[in-house]
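One structure below.
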Amino acid sequence: MPVHDWNRVTAGTFHDFHLAWIAELRRALNGGLLPRGYYALAEQIAGDIIPDVLRLQRSQDDSALDGLREDTDGGTDASVLTVTNSPPRVSVTATTHEAITVALRRRQIVIRHATGDRIVALIEIVSPGNKESQPMLRAFLEKSAAALQAGYHLLLLDLWPPGNFDPAGIHGALWAMVGGTPYLPRADRPLTLAAYAVRGPGLVTAYVEPLSVGAPLPDMPLFLAPEHYVNVPLEHTYHAAWQGVPERWRRVIESKL
């Protein structure tokens, strides 16, 4: 199923789809994609951050994360892949350097979760409200940067083209904030999917896939550890969420201009 042009409908209509997509992502993650000891919750509060999907690891299974790091074959869970043996299939890969540590430490936001379980990663689906003003964009970026600083891996799904406040897109703005090299979105593929793997203090690798309206959604990596990830089925979950969009709005979104 191709990515739709959500600019054709109201922000509220996209928000309705947004909620459905979150539910489908959660279903896929908890339905066998995540290895034993990991689980996903939707819209859980993690300190000052309210991510769309929060990936947690049970506190009594802390050894599971170490096992993933030690097992270069990805462990017994077939869904777990390693960067060395199965590099993420994306168009752009970039890594920050040690110099960004100072930049990150200027933005101290303590992030905790109400349970004792370990926070591992966040998934965020960008909404038009995240880009509607400079303060809203800044708040979103600072929370995302704080999550990376705290050591949380991040998957960012931005189905909106760059706007007045993010001319390089959400990824370009976030990457600049954490000290990455400048990122310029492609004019023919202005939408952006970005997965971030935190490798150490101030050291982050971004796996970026630009795409256009009308293109199919590729699977994207969601990292469990710096070298281990699962591929999130974006196309499958997007299609499942689309089935619940009211026919009235499907006609508007799919109409030929």
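Just to be sure, is ALA176 over 16 Å from the mean Cα position of the chain (by Cα), more than 27 Å from VAL83 (Cα to Cα) and assigned to a helix (DSSP H, G or I)?
no
Just the residues that are surrounded by fewer than 22 Cβ atoms within 10 Å (Cβ to Cβ) and either in contact with a His (Cβ under 8 Å, 6 or more places away or on another chain) or aromatic (Phe, Trp, Tyr) (or both), please, taken from region 159-184.
Residues satisfying the conditions are TRP160, PHE165, GLY179, TYR183.
Can you tell me which condition LEU156 does not meet? The list is (1) out of contact with any Ser or Thr (no Cβ under 6 Å at 6 or more places or on another chain); (2) assigned to a strand (DSSP E or B); (3) open to solvent by 20 Å² or more (accessible area, probe 1.4 Å), and all the others hold.
(3)
Taking region 140-151 on its own, how many of its residues are of a type in the set (Ser, Thr, Tyr) and surrounded by fewer than 23 Cβ atoms within 10 Å (Cβ to Cβ)?
Count: 0.
Which residue out of GLY67, GLY74 is in contact with a strand residue (DSSP E or B) (Cβ under 6 Å, 6 or more places away or on another chain) and at pLDDT below 55?
It is GLY74.
Look at LEU211 and say whether it is under 19 Å from ALA147 (Cα atoms) and touching a residue at least 24 places away in the same chain (Cβ under 8 Å).
Answer is no for this residue.
Mind counting the residues in region 193-220 that are surrounded by 21 or more Cβ atoms within 10 Å (Cβ to Cβ) and under 12 Å from TYR152 (Cα atoms)?
Number satisfying all stated conditions: 5.
Which one of these is buried (at least 22 other Cβ atoms within 10 Å of the Cβ), over 14 Å from the mean Cα position of the chain (by Cα) and closer than 20 Å to ALA28 by Cβ: HIS228, HIS236?
HIS228
Scan region 245-257 residue by residue and report those that are open to solvent by 60 Å² or more (accessible area, probe 1.4 Å) and in a loop (DSSP other than H, G, I, E, B).
Listed by number, the residues that qualify are PRO246, LYS256, LEU257.
All but one of (1) modelled with pLDDT under 90; (2) touching a strand residue (DSSP E or B) at 6+ places or on another chain (Cβ under 9 Å) hold for VAL83; which doesn't?
For VAL83, the failing item is (1).
The values are calculated or read from the model by the stated rules, or taken from the named source; none is laboratory data. Quick caveat: nothing in here was measured; it's all calculated off a predicted structure. Here Cβ is always computed from backbone atoms with ideal geometry, including for glycine, and neighbour counts include all displayed protein chains. When the accessible area is computed, the model is the full protein with side chains, heavy atoms only, and any ligands, DNA or RNA have been set aside. Shrake-Rupley method; radii C 1.70, N 1.55, O 1.52, S 1.80 Å.
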